[in-house]
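Novice: Could you have a look at this structure, given as structure tokens, before my questions?
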Amino acid sequence: KMSRHAQQLRDRDTNPCVEETDASRKCMDDNNYKKDMCTAYFLKYKSCRKFWHDIMMQRRRNGVKPAMPSAEERQEILETMG
């Protein structure tokens, strides 16, 4: 059984970057943990985290709850951005 923290990390409603996390991890596994082979994946993950963190902070300032949009809401946000 996964720990509560591990479950939260896998929960698409609380972690908007599950796919980027998985892709980075897979790249590391596939490339024998040579970080320089996976830079693009790390950058993608980093920009995902920054993007959603900024949205979360904005929602907090505006008193919107929950601070992190659900997976469904995030899809709509991304679609409106093109």
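The values are calculated or read from the model by the stated rules, or taken from the named source; none is laboratory data. These figures come from a predicted structure and were not determined experimentally. FYI the Cβ positions are ideal-geometry reconstructions off the backbone, even for glycines, and counts take in every protein chain you see. Areas reflect the complete protein model, heavy atoms only, side chains present, ligands, DNA and RNA absent. Shrake-Rupley method; radii C 1.70, N 1.55, O 1.52, S 1.80 Å.
Novice: I'd like to check which helices (runs of 4 or more DSSP H) are fully inside region 1-70 and have at least 2 residues that are open to solvent by less than 70 Å² (accessible area, probe 1.4 Å) and free of Cβ contacts under 8 Å to residues at least 24 places away in the same chain. Show your work before the answer.
Specialist: Numbers: elements: 4-10, 18-30, 39-61.
Answer list for region 1-70: 18-30, 39-61.
Novice: If you take the residues of region 71-82 that are over 14 Å from Val18 (Cα atoms) and hydrophobic (A, V, I, L, M, F, W, C), which of them is surrounded by the fewest Cβ atoms within 10 Å (Cβ to Cβ)?
Specialist: This residue is Met81.
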